[in-house]
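K.L.:
I'd like to ask you about the structure that follows.
Throughout, read-outs are computed from the coordinates displayed, never taken from laboratory work. Given the structure is predicted, the values throughout are model-derived calculations rather than measurements. Cβ sites come from the backbone with ideal geometry, for glycine too, and all protein chains shown count toward neighbours.
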Amino acid sequence: MFVAGLLIILQSCSIASKNTPANGLEMAVKMANSEIKHFPEPWTVDFNPKPVWNYTQGLIAHSMIKVWNENGNETYYNYAKTYADKFIDQDGNISNYDLEDYNIDAVNSGKFLFDIYARTKDERYLKAIHHLREQFKTHPRTSEGGFWHKKRYPHQMWLDGLYMGAPFYAQYAQYFNEPELFNDVVNQFILVHKYTYNNETGLNYHGWDESKEQAWADSITGCSPHYWGRAMGWYAMALVDVLDFIPQEHPGRAQILDILNQVTSGIKKYQDPKTGLWYQVLDQGSREGNYLEATASSMFTYSLLKAVRKGYISADYMIVATKAYNGIVENLIKDNGDGTINLTKCCSVAGLGGNPYRDGSYEYYIHEPVRDNDPKGVGPFIMASLEYNMN
């Protein structure tokens, strides 16, 4: 639907060589154009056989809106809007979304709707935003108020969930002038960091089970056994994005900044010195079977570049971020020879619990499928490229 006219644009952008610094805007456009060509219908970006309202499609739509905001090309706005229009009816109801599933992942797709509504003033997008916000009113929580990752994962907070829920929740609070919600937003980070952060490594465990009932949960701490790269990638992106909305004068802002500085310190510590990338299991780089993984590397790169640009962390991190960005371009971007590019070495999916049971072991993480152009890497790479262009 949106492929026409892209080939000329695709062919005009070149991949940086090892001797030439990457051009961030060109790379963002090239990856966005490639995604549109690979997946003309936006609901298919996660290789879906049937239409689904899900966080991955929302992530791509969000990144496309960012490209449109940067260069004004309607192609990217229209691609995102097409996803919204596939699911949102005239009353603002979202098909394939059930509030009572209490799946925090589903909220992520609400982020790009703020931009769509701001431009169109179409009330159905506003109603959809309100529907997603309603979920937080009754979403199950831990004893201290942390949102469960999903109803079917009781008593659990995962790092992933902070990206899925907190930035949308904070943006809602800002957009609709409900400052009392910011305390709840900040508390999500305080709680997940309190229970998942390890002072010795400087990293956060993937998940925490307050009940300690899960087989993957440590009997004393309730934490899962390993530091999964993408989980920390989601967490880092959540931290830098939520700061866009938390007011300067809010006391919780300083706490978020402290957490961000701890997280980025750990990210820096485990960067591969040769490539600038990060491993699937972050602290096990020399262990057999581990590999340099694209989604986590893209998420960390975006987070570091944005945090430096915004002044949240030391400007010294720009060296880490630049090495990471060029490491992705040099090691993980494949030129397909038809004007499109692929992002390679993406872990397709990983989680905890469920059926079949995911035990959070090292062997589990390294044996999950690896594929090209997973949206959980493509979206963050587009956003990292735009940040690289602004730094």
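K.L.:
ASN33 passes all but one of (1) part of a helix (DSSP H, G or I); (2) under 17 Å from the mean Cα position of the chain (by Cα); (3) more than 19 Å from GLN171 (Cβ to Cβ); which number fails?
P.N.:
(2)
K.L.:
May I pose another question? Name the single residue, out of those in the stretch 315-361 being basic (Lys, Arg) and touching a residue at least 40 places away in the same chain (Cβ under 8 Å), that is farthest from LEU159 (Cα to Cα).
P.N.:
LYS323
K.L.:
Are any residues in the stretch 186-204 without any contact (Cβ under 8 Å) to a residue 40 or more places away in the chain and surrounded by fewer than 22 Cβ atoms within 10 Å (Cβ to Cβ), and if so, which ones?
P.N.:
Passing the criteria: LYS194, TYR195, ASN198, ASN199, GLU200.
K.L.:
Provide a single number: the residues in the stretch 283-309 that are surrounded by 24 or more Cβ atoms within 10 Å (Cβ to Cβ), among the hydrophobic types (A, V, I, L, M, F, W, C) and either more than 20 Å from ILE256 (Cβ to Cβ) or touching a Pro at 6+ places or on another chain (Cβ under 8 Å) (or both).
P.N.:
Residues meeting the conditions: 3.
K.L.:
For the stretch 359-381, give me the residue count where each residue is assigned to a helix (DSSP H, G or I) and surrounded by fewer than 23 Cβ atoms within 10 Å (Cβ to Cβ).
P.N.:
Step one: list which residues in the stretch 359-381 are assigned to a helix (DSSP H, G or I), which gives 362-367, 375-381.
Subsequent filtering for residues that are surrounded by fewer than 23 Cβ atoms within 10 Å (Cβ to Cβ) retains 362-364, 366-367.
Going through the stretch 359-381 one residue at a time, the tally reaches 5.
K.L.:
If we keep just the residues of the stretch 346-357 that are of a type outside the set (Val, Ile, Thr) and surrounded by fewer than 18 Cβ atoms within 10 Å (Cβ to Cβ), which is nearest to the chain's Cα centre (by Cα)?
P.N.:
The first filter runs over the stretch 346-357 and keeps only residues of a type outside the set (Val, Ile, Thr), leaving 346-348, 350-357.
Then drop every residue that is not surrounded by fewer than 18 Cβ atoms within 10 Å (Cβ to Cβ), which leaves 348, 354-357.
Values: SER348: 14, GLY354: 22, ASN355: 24, PRO356: 25, TYR357: 24 Å.
Of everything passing the filter in the stretch 346-357, SER348 is nearest to the chain's Cα centre (by Cα).
K.L.:
Shifting gears a bit: Can you tell me how many residues in the stretch 336-351 are out of contact with any Pro (no Cβ under 6 Å at 6 or more places or on another chain) and closer than 22 Å to TYR291 by Cβ?
P.N.:
Counting residues in the stretch 336-351 that are out of contact with any Pro (no Cβ under 6 Å at 6 or more places or on another chain) and closer than 22 Å to TYR291 by Cβ gives 11.
K.L.:
Going through the stretch 179-212 one residue at a time, which ones are of a type in the set (D, E, K, R) and closer than 16 Å to ARG141 by Cα? Even if it seems obvious, please write down each step before you answer.
P.N.:
So in the stretch 179-212, the residues of a type in the set (D, E, K, R) come out as 180, 184, 194, 200, 209-210, 212.
Answer for the stretch 179-212, where residues must be of a type in the set (D, E, K, R) and closer than 16 Å to ARG141 by Cα: ASP184, LYS194, ASP209, GLU210, LYS212.
K.L.:
From the list GLY24, GLY92, which one is surrounded by fewer than 24 Cβ atoms within 10 Å (Cβ to Cβ), within 21 Å of the chain's Cα centre (by Cα) and of a type in the set (Gly, Ala, Ser)?
P.N.:
After ruling out the rest, the residue left standing is GLY24.
K.L.:
Next question. I'm checking my understanding of the structure. Among residues of the stretch 207-217 that are among the small types (Gly, Ala, Ser) and in contact with a strand residue (DSSP E or B) (Cβ under 6 Å, 6 or more places away or on another chain), which one is farthest from TYR153 (Cα to Cα)?
P.N.:
ALA217
K.L.:
For the stretch 46-74, what are the residues that are polar (S, T, N, Q) and either surrounded by 22 or more Cβ atoms within 10 Å (Cβ to Cβ) or within 22 Å of ILE129 (Cβ to Cβ) (or both)?
P.N.:
Matches in the stretch 46-74: ASN54, THR56, GLN57, SER63, ASN69.
K.L.:
Name every residue in the stretch 310-331 that is surrounded by fewer than 24 Cβ atoms within 10 Å (Cβ to Cβ) and either small (Gly, Ala, Ser) or closer than 12 Å to ASP272 by Cα (or both), in order of residue number.
P.N.:
Selection gives GLY311, SER314, ALA315, VAL320, LYS323, GLY327.
K.L.:
Another question, then. Going by what's in this entry, would TYR364 be described as in contact (Cβ under 8 Å) with a residue 40 or more places away in the chain and either among the aliphatic types (A, V, I, L, M) or within 27 Å of TYR205 (Cβ to Cβ) (or both)?
P.N.:
On the way: in contact (Cβ under 8 Å) with a residue 40 or more places away in the chain: no; either among the aliphatic types (A, V, I, L, M) or within 27 Å of TYR205 (Cβ to Cβ) (or both): yes.
Considered against the rule, which asks whether it is in contact (Cβ under 8 Å) with a residue 40 or more places away in the chain and either among the aliphatic types (A, V, I, L, M) or within 27 Å of TYR205 (Cβ to Cβ) (or both), TYR364 comes out as no.
K.L.:
Name the single residue that is surrounded by the most Cβ atoms within 10 Å (Cβ to Cβ) among those in the stretch 218-260 being in a loop (DSSP other than H, G, I, E, B), touching a strand residue (DSSP E or B) at 6+ places or on another chain (Cβ under 7 Å) and without any contact (Cβ under 8 Å) to a residue 60 or more places away in the chain.
P.N.:
Taking the candidates together, the pick is TYR227.
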